Structures are given as structure tokens and as C-alpha cells.
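Chemist: Below is one structure. I have some questions about it.
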Amino acid sequence: QVQLVESGGGLVQPGGSLRLSCAASGSISRINVMGWYRQAPGKQRELVADITSGGSTNYEDSVKGRFTISRDHTQNRVYLQMNSLKPEDTAVFYCNANVYPMGSSWARVYWGQGTQVTVSS
């Protein structure tokens, strides 16, 4: 089994910063893409940022220049440094990973449980 566990969410004022962390564990051969999604109240889940095993990154337009995604391959961890936070960033943030399980040549998608980020004055 593969598990993703997020941490680092919380309450922050506009303009503040948070750093999210996600650790993947279990029967993993390797991980291709890891990323972060978010879901605000009444809205669909959307991609925030992702990063490939080679280090290529992709960001949603509204977070470019404010958020930075990074990865620790030795620990199967992905981070999201969030600066200059806005109330519009308020959402549950979910970790996502494209994982090759042990004994399989096919990747599977896994999700974390989510961590709440609230930006409010």
C-alpha cells in the first residue's frame, strides 16, 4: 500500500507564509510526478503546482511568483512554500503523486488526506 500524508497547514494573515509538506510511504518502486491541488468551498479541486522526477515544475497562473514547489527524492517528499498568501488561497490542499508500486510497471495516482489553509485577517 502507498500512503501520502500532508502537514503544515494553518491560519495565516494575508501576506503571510506557510510551508506544506507531504511524505509518501509504502510499497514504492519510484515516483514520477508529485504535486499539490487545492479545493476551496463550493469549487472544484484544481492543480496548484507539480514537479516531475527530473525537476520540471508547473504552476497555476495565480500562484506563479508566490509559491515554490520542491522535492526531496531520497525521502519521497514534496514541499510547497507559499508566500504572499491571499484570502483567495484559502482551501484544503491535497498532496498528489504518480507512483510506480513495487512489482508493477504501471503508475497509479494517490492522494493525501488534505490539510486546511486559511488566509484571513
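The values are calculated or read from the model by the stated rules, or taken from the named source; none is laboratory data. All values derive from a computational prediction rather than experimental measurement. Please note: Cβ atoms are built from the backbone with ideal geometry, for glycine as well, and neighbour counts cover all protein chains shown. With ligands, DNA and RNA removed, areas are computed over all heavy atoms of the protein, side chains included. Shrake-Rupley method; radii C 1.70, N 1.55, O 1.52, S 1.80 Å.
Chemist: Filter segment 29-56 down to residues that are assigned to a strand (DSSP E or B), open to solvent by less than 30 Å² (accessible area, probe 1.4 Å) and touching a residue at least 40 places away in the same chain (Cβ under 8 Å), then give me how many there are.
Modeler: Going through segment 29-56, the residues assigned to a strand (DSSP E or B) turn out to be 29-39, 46-51.
Narrowing the set further to residues that are open to solvent by less than 30 Å² (accessible area, probe 1.4 Å) leaves 31, 34-36, 38, 48-49, 51.
Pick out the ones that are also touching a residue at least 40 places away in the same chain (Cβ under 8 Å) and you get 31, 34-36, 38, 48.
Looking only at that region, the number is 6.
Chemist: Considering only residues that are acidic (Asp, Glu) and either outside any strand (DSSP E or B) or open to solvent by 70 Å² or more (accessible area, probe 1.4 Å) (or both), which ones fall in segment 57-97?
Modeler: We begin by selecting, within segment 57-97, every residue acidic (Asp, Glu); these are 60-61, 72, 88-89.
Glu60, Asp61, Glu88, Asp89 - these are the residues of segment 57-97 that are acidic (Asp, Glu) and either outside any strand (DSSP E or B) or open to solvent by 70 Å² or more (accessible area, probe 1.4 Å) (or both).
Chemist: Further, regarding this structure: Specify which of the listed residues (Tyr110, Tyr59, Tyr100) is over 19 Å from Gly10 (Cα atoms) and in contact with a Ser or Thr (Cβ under 6 Å, 6 or more places away or on another chain).
Modeler: Details: Tyr110 fails: in contact with a Ser or Thr (Cβ under 6 Å, 6 or more places away or on another chain); Tyr59 fails: in contact with a Ser or Thr (Cβ under 6 Å, 6 or more places away or on another chain).
The unique qualifying residue is Tyr100.
Chemist: Any residue in segment 98-117 that is closer than 21 Å to Leu18 by Cα, of a type in the set (D, E, K, R) and surrounded by fewer than 17 Cβ atoms within 10 Å (Cβ to Cβ)? Working first, answer last.
Modeler: Residues of segment 98-117 that are closer than 21 Å to Leu18 by Cα, as a first pass: 111-117.
When the remaining residues are screened for being of a type in the set (D, E, K, R), the result is none.
No, segment 98-117 contains no residue that is closer than 21 Å to Leu18 by Cα, of a type in the set (D, E, K, R) and surrounded by fewer than 17 Cβ atoms within 10 Å (Cβ to Cβ).
Yes/no per residue for (1) in contact with a strand residue (DSSP E or B) (Cβ under 7 Å, 6 or more places away or on another chain); (2) modelled with pLDDT under 95; (3) not aliphatic (A, V, I, L, M):
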| position | (1), (2), (3) |
| --- | --- |
| Asp50 | yes, no, yes |
| Ser53 | yes, yes, yes |
| Ser56 | no, no, yes |
| Gly65 | no, no, yes |
| Asp89 | yes, no, yes |
| Cys95 | yes, no, yes |
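Chemist: I need the full set of residues from segment 75-109 which are over 12 Å from Arg30 (Cβ atoms) and among the polar types (S, T, N, Q), in order please.
Modeler: Passing the criteria: Gln75, Gln81, Asn83, Ser84, Thr90, Asn96.
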